[in-house]
Structure formats: C-alpha cells, structure tokens
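Just below is one structure, and these are the notes that go with it.
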Amino acid sequence: MMFGPPAAMAAMGTSVARLHEYQGKALLKEHGIAVPKGSVASSPAEAERIARELGGPVVLKIQAWTTGRAAIGGVKFADTPEEAAIATKELLDITVGNFPVEQVLVEEKIAIKHELFVSLTVDDAARAPMILLALEGGTGIEDRAGDVAKLPVHVRDGVDRDSLDHAIGNSSLPKAQHAPLAEAVASIATVAKSVEARSVEINPLVVTDDGRVMAADCRMTVDDYAVFRHPELGIDIARELDHPPTALERIAYHVEEADHRGTFYFAQLNTKPDAGSKGLVGFHGAGGGGSMMSMDAITNVGFTIANFTDTSGNPSAAKVYRAARIILSQPDLCGYFGSGSGVASQEQFWSAYGLAKAFWELELSIPAVIRLGGNSEDRAIDILQDACTDLPAAIEGYRKDDTPGVIGQRFASLVIAASATWQPRSPRKPSFVGTSGATSFAITGGTVWIDTPRWNDALPTVQEFAPGLFDADTSAPTLAIDAEAFAGKDSELIACEVECRRRGCDAVFVELDIPGLTEVAGGAH
Amino acid sequence: MAIIIDETKRVCIQGITGREGRARAALMLGYGTNVVAGVTPKKAGEEVLGVPVFDSVKDAVTATGGIDISVILVPAKFVKSAALEAIGAGVKLLLIVPDRVPMWDAMEIADAAKTAGAQFIGPNTLGVLSPGRAVIGMMGGKAESAKAWFKPGPVGVISRSGGMSSSTAYYLGKAGIGISTIVHVGGDSVLGMRIPDVALQFENDPDTHAIVIFGEIGGSMEEDLAALMTAGKVTKPVVAYIGGKAAKEGTRFSHAGAIIEGNRGTHISKTTALRNAGAIVVDGFGDLPEAAKKALESTSVRSM
C-alpha cells in the first residue's frame, strides 16, 4: 500500500465496506438482476454527457449513506441533458452531515407499476441469512411488519425456493412476473454470498410498466472481516462508518492493517463540543464493551467524545503509541481520557509504554486520565506517571478498583482546573537522532536510534528490558540477533527508550512512522 | 456444579504450538483445566508444556480416548477449516477464540454444527471460566490473575464483551458475591451459544441462583432472553446492564431491515423488554453488584 498526503489518497478513490448505490447495482447486474441504465457523475458536465447518452428523461440521485434522500432534496428528475447538468450542480452542493456530496447517479427514468421491498440480513437467532420480502414494498414499510414474508436462506444453498414461490404465488402481482421476480429475489442471496455481504437492501424492487423486473435502489454492506478475500471490490478501508472516512480514519486504518498485534479501531464522532458540554475529549478505550461503558461514563459527567478508539487484544506498544498520536492530531481537545473494562487480561505495561512515549514526544499540555486496571496495573501506572512527571499537564493512571464514575469525576475536575485547549503539534525527538554520533537500526515501520557515546550507560537498562537483542561487550551497539528478528522487537525497544529516559539516560529513541499524519496534524513544535 | 467447563472436561487446543496457543495453554493448565491434547498439522510428536501434540483432531481423539471441548486458537482465516475438522472428528463443543472470523464462515460452522449435533461458543470470545475449577480460552490472561480475581459462588455471569466479563465478575467478587461460571458469548453478530442458550444452562445448574448479564446494543439476544423469562423457562433472578446508551444510533439501526424486526436492537428496547420480563436492569455499570446482592437475597442464598 502506497501512502501519500490525504488529498492524494482521496483522489485515488477510497472505498469502504458499505457500498454506494451505484457500486451495489453493478454487483447486482453481474449476477443477472436488471438495473436501470446509467452511470455515476462527479460534475455537471459529466452528468450532461451521461444523460445525452441515455437519451431520454433521467433521474439523478446523490450517492450518500443516508436514509430518505428524497426528503433532503437528494433526488431530482431531468427531461434534457441541460436540465441534468443544472440538477447535478444543485445536488453536488448538498452536504450530508459534515460531508459534501461527491457523486450523483444518473439513470434512465423508469415507469414503475409495482414496488416491492427485499432485504437480506443475518438472523442472529437462526445463525443464517434470511430474506425479508414485502410484496407491497416501498415507503412506510416499517409500519406494515405484518405484510412482510420472512424467507429462510441456507448458507450454501441459498433461499428456500418453496417459501419464496409460496410468498410470490399468493400475491396479487401479475402471473407473468412471478418467475422473474422469484429469480431476482433468489439472485440477491447469490450476490450476498459471493461478496460476503452483511446486508443487502433493495427498496424498491420494481415491476415496470412494460413488465420488466428491476432493482431501482440498492444498499449493500460487505462484512469487514471478509474484505481481505475480495480484492475485486476495491475496498481499501474495511470499516463500516456512517460517513466517508476522514483523513485520520484512513491513517488509523492503515496503521491497523500494517500491525496485526492486537486491534486498533478509530472513528471520529464530533469536531465540536455539544451545547452545554464541558469540552471535547480525546477518547482512548480498550475492548469493545469496556470502551462503550467508559464512553457512557465520560458522557454522563458532561463531556463530548471527539473520537471512539479501541486498542485491545494485547496490542503492541507501537500500536498504542500510534493510536495516541492519531487521537492527539484532533484539534480543540480539553483532555485525554483512557479506559477499558478496568480488569484487562492483557499486560497493561505495554500500553503504558506506548502512551508515555506519545505524551513525552508531544509534551502533552492537557490533562490525561488513564484507567490501566488489569494485569500488571501497578507497573503500568508507575511507568506512565513517572515517565510523564516533567510534562506540563497532569497525567494520572488508575487501577481496576477505581470505578469509571469516580475517575470520570476526577477527569472533570482536572480539565476545569487546567482550562487548556489542545492543538496538534509535531513530535519532539532527542538531539542525537539523525546525527553521525548515533547508531541506527531498521525496525518494522521505523528506526531505532542509539546515542553511541552513551551506549555503555544505557546498556544495563537495555539488557534488562530487551534482553538478548544487543551484544553485551562492545563499545558501540551491535545486534546479537539477525536483523529480521530485531525488526519485530519494536515494543521491547520502546520499553528501553522510556526506561532509559526514566533513569536519566535519554540515549535510545524509537522513531515510528505514521504515514500521512504530518500532513493532517501539521503544526510546529 | 458449574456450566460448560469444570476440571473433569477433557480439552484439546487447536493451534497449541502458535504464540497464542502456547500462552493460553499455560493459563488453562495453570488454572486446573484438564488439557489432554494439542493439534497442529505436521507437529505430531512434539509437546507443549507437557501436552502431546497431534496432526489432527481425529488423531487426538483416537489417542486420548475422547475430547469434550476443542479450543480453537488459529488465525481467523483458518478458523472455518479448524472448526469443521473438530466437528468432523466428533467433538461436541468448540470454543472459537479468534476475532475477525468472516461472518459467512461463522454461518457455515453453525450449519455444520447443527447437522452434527455439536455446539460452539464464539467466535471472538475470551472464553469460559468456572472459578476455582477450570477455564477455557484466555479469560484472566494469566493463571495467577484468574485465581486472584474470580471467586466461586452462586451467580452466573453472561457477557457480550470480553473485558467486561472479567470486569463484571471481578466487581461482583469485590462486593462479596461469588460466581458459578463466567461465559463470554463473543462479540460477533453470528454466535454459537447466545445469551438465552447460556441462561437456560444456568437455569438447570443447581449451584447457580441468579444470573448477571452484561448486554450491549444491537442484535436480539437480550430480547430473546426476556421472552424466555416471560415464558417461564428462565425463572432465576436476572440482573442486567446494557452498554451503549451513549453510542450514536446510526443508520445501522434506522434502515428498514432493522426496523421491521420490530424495533429490536436499541438500548431502550432491550432495557424495556428485560424490565417487563421481571429483570432488574441497572443504569450504571457500578450498580450491578448491589442489584445482584438484592437478587440473591430474594432467593435466600448466601453470596459466597
């Protein structure tokens, strides 16, 4: 994966696991389900050209993940190519949430006789897919649950044909359309399986005046976990978000992709505090449930969460470091709040090393409260607090016996006392880094720098926290293991960096790349 | 008694020679689990912490005279074939620890398990632990922590979150309430054993007198449990916390597919369903221990 500045990434066309209508329709078409003729446009001129090629009245629809596009003016009709251009200009001016509309689907206008609703979802109780089919379809479907047929789908064999034929056979739809409708519904299960979709919704599936069966809309979400075996979909952000990925979300996703030690999830929720809020908080959770519970706790004491972050499942120190750097690339934060379940199975000192390194590099100037409860919590808290004593902000670690409610209150009082606002800045590094007086070794995603003249002072600490990596009896650092094995020891080396600094010998520095972050965070140090 | 796991169950670890496999084998053995075999293709004849390694689950079954539970600790993309292998070898209970298992793989495993009369827990589970007896998976992380954190007693814990299953059991223990078994059902959308399935097992366990649930938004497990309570199939007191009240309810919960399921999946639908069925639902996670204590008092059972 090549990295570039965020603008370049956007130009490459980032796709996420939730597909736009036009992408879903292309898949339907591949599997034999008819869709209206059309194409996607990102400018009025392009829309005009497409409309001209279609040669008749067209419908224009914004490509955005929102329900009720018509209600926000996101669907327009045009009789001529010129009208299509004007309509497209208006549609491209719409913003959905914080995100401008970037594409408009231009399609032939079809004359609809009947509308049906079809969706495939997973029935968690049956542990199998199911299809919901409403023969009277269309808007207001949620009020007519009784009219919906639930068709079982077998994971390998597809939809149950008897149930399907029964549902369609009992309908008032013209007999001539029964077979093609059944075929279309059955094909939806085939499409879903072939791309490993988590859900497919066609609302409406239509019968046209001239008797054709067509998918007039399509919402499809691919299972995040299966994206790796579907390169044909061109999805490079395997995340389901309710907005197009932000620059930081893209950067975070690529960090996660490059390091499979533990899980890292990052999603931006707010860029401004809610009305009456105590402020915008950089949130760093651990574990899905623990993060959610902690988020509830911090919201309950009156804060707005800037982002959701989860580093868990025994993450490397490097991953936690990168997560902290990304969280602190958001402007206008009043504090940094970290908390997971409180009783973590993972060794918490790795997280403490990652956080301590990030906070030191950025000279953190807003309060940080981190609940590090779980295995090795005493050691973790000692590392975090001791390594951060020289920083301008209050940085406090807490144990499993400190409840989220109590530390939420503590966080609030620290934030009020500090009354500081964070702006992203570039990280500092020790002065020997990059000089000829330093020895460097490549590691995965970065470089470790050692201040050669102080090697003998640093060596006992290095041997304690990364035993066996370096030869013990040399005046300058030399590797005791092969370079490839050494490259994967980034967590141990981060421990050495932090521990050497704690002992007054700032002679080891692990420089870790976060591609694209400088361009987004910017700022002078 | 406990449910699912105790010291008598014969356990196999698939992927025992890997990094995760070794670490979790140490936890399970150190806590008292009867780990009788490990499986890694082409590693037959090796030993991990004294546990013999076999090429296949079938070989392990033959050599040891039977496996009750197979714990799967292989990378996510190999989980399906590992699970189908264990089911094919006649193992009746699987614990699928890894996360990121593709959903259609999980559904295929479910189909094979149903046909074979087998069950599974997970994917994406920290495991199951019966305090003072045995553990499968990685709950507690290390044997010494697991021994220190979890106390035996009358409450069954079911959680949708791994971290919060440990956390829930730990805070109950601190409040003087012991646990019969802690079950993390897993964090994915397609799970083998769901909250209602586990609740039915606790209902039949003479040593469990109350059930504590850490639920979350999404899916229908909490509502299904409420239905079992209303139907009189789960009669022991249920205490629950549902996480995710502050989470944004995005389009995932507002499109028609979810809505025509009958307003299921939201925080309010879960808390309402459980309350109407007679459960105690607390608003703060920190309120769970006191509510559990009250529930136990109603059954006149001592909390440890």
* **Failed condition for A:Asp147, given (1) open to solvent by 70 Å² or more (accessible area, probe 1.4 Å); (2) within 10 Å of another protein chain (Cβ to nearest Cβ); (3) closer than 23 Å to B:Leu191 by Cα** => (3)
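Take A:Gly342 and tell me if it is more than 13 Å from every other protein chain (Cβ to nearest Cβ) and either open to solvent by less than 10 Å² (accessible area, probe 1.4 Å) or part of a strand (DSSP E or B) (or both).
Numbers: more than 13 Å from every other protein chain (Cβ to nearest Cβ): no; either open to solvent by less than 10 Å² (accessible area, probe 1.4 Å) or part of a strand (DSSP E or B) (or both): yes.
Criteria not met by A:Gly342.
Going through A:Leu391, A:Leu414 one at a time, which residue ends up being touching a Pro at 6+ places or on another chain (Cβ under 6 Å) and among the hydrophobic types (A, V, I, L, M, F, W, C)? Please lay out each step first, then the result.
On the way: A:Leu391 fails: touching a Pro at 6+ places or on another chain (Cβ under 6 Å).
Just one listed residue meets the conditions, A:Leu414.
For A:Phe359, indicate whether it is in contact with a Ser or Thr (Cβ under 6 Å, 6 or more places away or on another chain) and hydrophobic (A, V, I, L, M, F, W, C). I'd like the intermediate steps shown before the answer.
Details: in contact with a Ser or Thr (Cβ under 6 Å, 6 or more places away or on another chain): no; hydrophobic (A, V, I, L, M, F, W, C): yes.
Judged against the criteria, A:Phe359 is not a match.
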* Scope the range B:269-303; condition among the acidic types (Asp, Glu) and either over 13 Å from B:Phe214 (Cβ atoms) or buried (at least 19 other Cβ atoms within 10 Å of the Cβ) (or both); matching residues -> B:Asp283, B:Glu290, B:Glu297
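Given the residues A:Ser426, A:Ser413, A:Ser440, A:Ser436, which is the only one that is among the hydroxyl-bearing types (Ser, Thr, Tyr), away from chain B (no Cβ under 14 Å) and touching a Ser or Thr at 6+ places or on another chain (Cβ under 6 Å)? Walk me through how you get there before you give the answer.
On the way: A:Ser426 fails: touching a Ser or Thr at 6+ places or on another chain (Cβ under 6 Å); A:Ser413 fails: touching a Ser or Thr at 6+ places or on another chain (Cβ under 6 Å); A:Ser436 fails: touching a Ser or Thr at 6+ places or on another chain (Cβ under 6 Å).
Unique residue meeting the criteria: A:Ser440.
Residues of the range A:264-300 being polar (S, T, N, Q) and either in a helix (DSSP H, G or I) or under 18 Å from A:Arg371 (Cα atoms) (or both), which ones?
At the first step, the residues of the range A:264-300 found to be polar (S, T, N, Q) are A:268, A:270-271, A:277, A:291, A:294, A:299-300.
Once the filter is applied, which keeps residues that are polar (S, T, N, Q) and either in a helix (DSSP H, G or I) or under 18 Å from A:Arg371 (Cα atoms) (or both), the range A:264-300 yields A:Ser291, A:Ser294, A:Thr299, A:Asn300.
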* To do: Return the residue satisfying two criteria in turn: it lies in the range B:1-29 and is in a strand (DSSP E or B) and of a type outside the set (A, V, I, L, M, F, W, C), and of such residues it is most open to solvent (accessible area, probe 1.4 Å).
  => B:Arg10
* Structure fact -> A careful count of residues in the range A:360-374 that are more than 14 Å from chain B (Cβ to nearest Cβ) and open to solvent by less than 10 Å² (accessible area, probe 1.4 Å) gives 8
* Asked: When the residues of the range B:92-101 are filtered to those that are open to solvent by less than 10 Å² (accessible area, probe 1.4 Å) and modelled with pLDDT of 95 or more, which remaining residue is farthest from the other protein chains (Cβ to nearest Cβ)?
  -> B:Leu95
* Structure fact -> Filtering the range A:98-122 for residues that are modelled with pLDDT under 95, out of contact with any Ser or Thr (no Cβ under 8 Å at 6 or more places or on another chain) and open to solvent by 30 Å² or more (accessible area, probe 1.4 Å) leaves a count of 4
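Of everything in the range A:375-403 that's charged (D, E, K, R) and assigned to a loop (DSSP other than H, G, I, E, B), which residue is most open to solvent (accessible area, probe 1.4 Å)? Walk me through how you get there before you give the answer.
Taking the range A:375-403 first, the residues charged (D, E, K, R) are A:377-379, A:382, A:386, A:390, A:396, A:399-402.
Keeping just the survivors that are assigned to a loop (DSSP other than H, G, I, E, B) gives A:390, A:399-402.
Numbers: A:Asp390: 146, A:Arg399: 90, A:Lys400: 24, A:Asp401: 76, A:Asp402: 47 Å².
For the range A:375-403, the residue satisfying everything is A:Asp390.
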* **Candidates B:Gly218, B:Gly265, filtered to the one that is modelled with pLDDT under 95, in contact with a Phe, Trp or Tyr (Cβ under 7 Å, 6 or more places away or on another chain), closer than 30 Å to A:Val118 by Cβ and not assigned by TED's automatic domain parsing to the domain that holds B:Lys80** => B:Gly265
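Here is a yes/no grid of residues against (1) within 33 Å of the chain's Cα centre (by Cα); (2) within 14 Å of another protein chain (Cβ to nearest Cβ):
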site: A:Val40; (1), (2): yes, no
site: A:Trp65; (1), (2): yes, yes
site: A:Arg69; (1), (2): yes, yes
site: A:Ile72; (1), (2): yes, yes
site: A:Val75; (1), (2): yes, no
site: A:Pro81; (1), (2): no, no
site: A:Asn98; (1), (2): yes, yes
site: A:Val104; (1), (2): yes, no
site: A:Ser119; (1), (2): yes, yes
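Please tell me if A:Arg161 is of a type in the set (D, E, K, R) and either more than 12 Å from every other protein chain (Cβ to nearest Cβ) or surrounded by fewer than 17 Cβ atoms within 10 Å (Cβ to Cβ) (or both).
Values: of a type in the set (D, E, K, R): yes; either more than 12 Å from every other protein chain (Cβ to nearest Cβ) or surrounded by fewer than 17 Cβ atoms within 10 Å (Cβ to Cβ) (or both): yes.
For A:Arg161, the condition - of a type in the set (D, E, K, R) and either more than 12 Å from every other protein chain (Cβ to nearest Cβ) or surrounded by fewer than 17 Cβ atoms within 10 Å (Cβ to Cβ) (or both) - is met.
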* Asked: So A:Ser294 fits all but one of (1) open to solvent by 20 Å² or more (accessible area, probe 1.4 Å); (2) at the interface with chain B (Cβ under 10 Å from one of its Cβ atoms); (3) among the hydroxyl-bearing types (Ser, Thr, Tyr); what number is the exception?
  -> (1)
* Tell me which residues, restricted to the range A:206-236, are among the β-branched types (Val, Ile, Thr) and either away from chain B (no Cβ under 14 Å) or more than 22 Å from A:Leu133 (Cα to Cα) (or both). => A:Val206, A:Val207, A:Thr208, A:Val213, A:Val227, A:Ile235
* Asked: Could you say whether any residue in the range A:32-42 is open to solvent by less than 30 Å² (accessible area, probe 1.4 Å), more than 29 Å from A:Asp236 (Cα to Cα), in contact (Cβ under 8 Å) with a residue 12 or more places away in the chain and not assigned by TED's automatic domain parsing to the domain that holds A:Thr208?
  -> no
* Odd one out for B:Gly218, checked against (1) within 13 Å of another protein chain (Cβ to nearest Cβ); (2) within 21 Å of B:Gly30 (Cβ to Cβ) -> (2)
* Asked: B:Gly215 is checked against (1) assigned to a strand (DSSP E or B); (2) more than 30 Å from A:Thr221 (Cα to Cα) and fails just one. What number does that condition carry?
  -> (2)
* Structure fact -> Within the range B:32-52, the residues that are open to solvent by less than 60 Å² (accessible area, probe 1.4 Å) and either assigned to a strand (DSSP E or B) or outside the structural domain of B:Ala89 (by TED's automatic domain parsing) (or both) are B:Asn34, B:Val35, B:Val36, B:Ala37, B:Gly38, B:Val39, B:Val48, B:Val51, B:Pro52
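From A:Thr246, A:Thr271, A:Thr263, which residue is within 13 Å of chain B (Cβ to nearest Cβ) and either over 21 Å from A:Phe359 (Cα atoms) or open to solvent by 10 Å² or more (accessible area, probe 1.4 Å) (or both)?
Numbers: A:Thr246 fails: within 13 Å of chain B (Cβ to nearest Cβ); A:Thr271 fails: within 13 Å of chain B (Cβ to nearest Cβ).
Unique residue meeting the criteria: A:Thr263.
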* Structure fact -> Considering residues that are open to solvent by 30 Å² or more (accessible area, probe 1.4 Å), in contact with a Lys or Arg (Cβ under 9 Å, 6 or more places away or on another chain) and away from every other protein chain (no Cβ under 12 Å), the number found within the range B:105-148 is 3
* Asked: For the range B:53-91, how many residues meet the condition of being open to solvent by 20 Å² or more (accessible area, probe 1.4 Å), modelled with pLDDT of 95 or more and under 28 Å from A:Pro152 (Cβ atoms)?
  -> 6
* Structure fact -> Considering the range A:189-205, residues that are open to solvent by less than 10 Å² (accessible area, probe 1.4 Å) and within 12 Å of chain B (Cβ to nearest Cβ), and then whichever is farthest from A:Thr121 (Cα to Cα), we arrive at A:Val195
* Counting only residues that are surrounded by fewer than 19 Cβ atoms within 10 Å (Cβ to Cβ) and either farther than 21 Å from B:Thr235 by Cα or modelled with pLDDT under 95 (or both), how many does the range B:175-206 have? -> 3
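The values are calculated or read from the model by the stated rules, or taken from the named source; none is laboratory data. Predicted model only: the values in this text are computed from it and were never measured. Don't worry about glycine lacking a Cβ; one is built from the backbone with ideal geometry, like all the others, and counts go over all protein chains shown. The accessibility values were calculated without ligands, DNA or RNA, using every heavy atom of the protein model including side chains. Shrake-Rupley method; radii C 1.70, N 1.55, O 1.52, S 1.80 Å.
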